[in-house]
Each structure stands twice: as structure tokens, then as C-alpha cells.
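What follows is a set of notes on a single structure, which appears directly below.
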């Protein structure tokens, strides 16, 4: 089987100074465009991160306010009905102790 080959002559002419300047200018413009795109993407990512952090902070502040309200409400309840509050606390303590003992006995 014969392999056919074709020889191609390179007729590349040397670049003139004008061609080199134009090519360099085009490359510089392209790099400038790419840098602007990267800067825009980075700015968007930072803005998204800041927005997410602000939202998370607001949720934490709402949670803290809610816990403070619950604490105040519990304090008022205990002041109004101290015996019932002590009874509830004792009942919860017995229940937690029983559960802990039961789980502890199951592991052995």
C-alpha cells in the first residue's frame, strides 16, 4: 500500500512593524476585556456573599429576639404560678433521668 504525501510550502512573510503593533494592540484590548469580565464576576460574587451574610445576620437577630421574648414570658409565668412551674420542672427532670437511665441500660 502506497502512502501519498503532499508537500506544502510555507510562504509566511515576515511581519512588518505595523502588523506587530496592530497585533499587540488587539491582544491588549482582548486582555483588557477579559480583565473587565473577571472583575465583574468577582464583584457579583462578593455582592452575593455580602447579601447572604446580611440575611443570615437578620435571621440570627430574629432568633435572639425570639429567645429573649420566651425567656421574659417564662419568667412572668414562673412569677405568677411558682408551684406549677416547680412541678413541671421536676416532672421534666424525672422524665429526662428515666430516658437517660433506659438508654444507658440498653448500651450495656
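Taking every pair of alpha-carbon atoms in segment 20-102, give the share separated by more than 21 Å as a whole percent. Kindly include the intermediate steps, with their values, before the conclusion.
Numbers: 2326 of 3403 pairs.
Here the long-distance tail beyond 21 Å is 68 percent of all Cα pairs in segment 20-102.
Report, to the nearest 10°, how far helix 82-107 tilts away from the longest principal axis of the Cα atoms in the chain, using its own Cα long axis and a range of 0 to 90°.
So the helix axis and the longest Cα principal axis differ by about 60 degrees.
Please determine, in degrees from 0 to 90 and to the nearest 10, the orientation of helix 17-80 with respect to the longest principal axis defined by the Cα atoms of the chain, where the helix direction is its Cα long axis.
Helix 17-80 sits at roughly 0 degrees to that axis.
Every read-out reported here was derived from the displayed coordinates using simple, explicitly stated rules and does not represent laboratory data. Since the structure is predicted, the reported quantities are computational estimates derived from the model, not experimental observations.
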